[in-house]
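The values are calculated or read from the model by the stated rules, or taken from the named source; none is laboratory data. Just so you know, these numbers come straight off a predicted model, no measurement behind them. No Cβ is skipped: glycine too gets one built from the backbone with ideal geometry, and neighbour counts run over all protein chains shown. Protein only, heavy atoms only, side chains kept; ligands, DNA and RNA dropped before computing areas. Shrake-Rupley method; radii C 1.70, N 1.55, O 1.52, S 1.80 Å.
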Amino acid sequence: ISSDTVLIDIQTEKSNFSVNASASPANGVGPFSPNLNSSVSGGNGPYSYKWDFGDGKTSNQANPNHTFKNPWNYKVNVTVTDKNGNKTSDTINIQVKADPNKIYTKISADVSTGSGPLSSHFSSEISGGKWPYKYHWDFDDGTSSTDKNPKHTFTQPWIYDVVLTTTDSDG
């Protein structure tokens, strides 16, 4: 008597792996906290999530809670990874409108890292409140400016926390 074995491996059809992100509602007056959801199909669970809210904040939850503070059109992205390392993502738009009675400030710097002395040009975007605006920049090195978009040179090695405080004509 003799016997032999052959292994037969029947593969299942690959399923499509996708995520659908949604926000309800997708727009509102800031501060704004929409209901954020992700719906995954395909892939092989368990899944890991990475939300990027477009404002420097992230979350690893499937359906996170997040408050958008400043008026802006945010591109919010969720990337889902399944247990096999496959990835899928989706992007939604969140529009946060300004409360006309509040002032919103957004600042940026054209240069934010490098060797000293380091010169940087700062820009400000202000919305809400009543024009004209007053600006007070604190460069965290003992100096300040009241210009709308100042240029400043940092001379000492340090991590500086630059702050713009804005008031409107109501004070």
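Here are the numbers:
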| read-out | value |
| --- | --- |
| Segment 38-129 - percent of accessible surface contributed by carbon and sulfur, probe 1.4 Å | 41 percent |
| Length gained when the stretch S119-T153 is fully extended (0.36 nm per residue, less Cα-Cα span) | 11.8 nm |
| Average accessible surface area per residue within the chain, 1.4 Å rolling probe, Å² | 68 Å² |
| Over the chain, relative contact order from alpha-carbon pairs under 8 Å, at least 6 apart, % | 17 percent |
| Rg/Rg_ref, the chain, where Rg_ref = 2.2 N^0.38 Å and atoms are Cα | 1.59 |
| Dimensions (Å) - segment 27-110, Cα atoms, principal axes, largest first | 49, 31, 15 |
| Among 104-111, 152-159, the order from most to least packed when residues are scored by Cβ within 10 Å on average | 104-111, 152-159 |
| Signed unit charges on C-beta, dipole axis of segment 70-171, positive-most listed residue T88, T165, G116 | T88 |
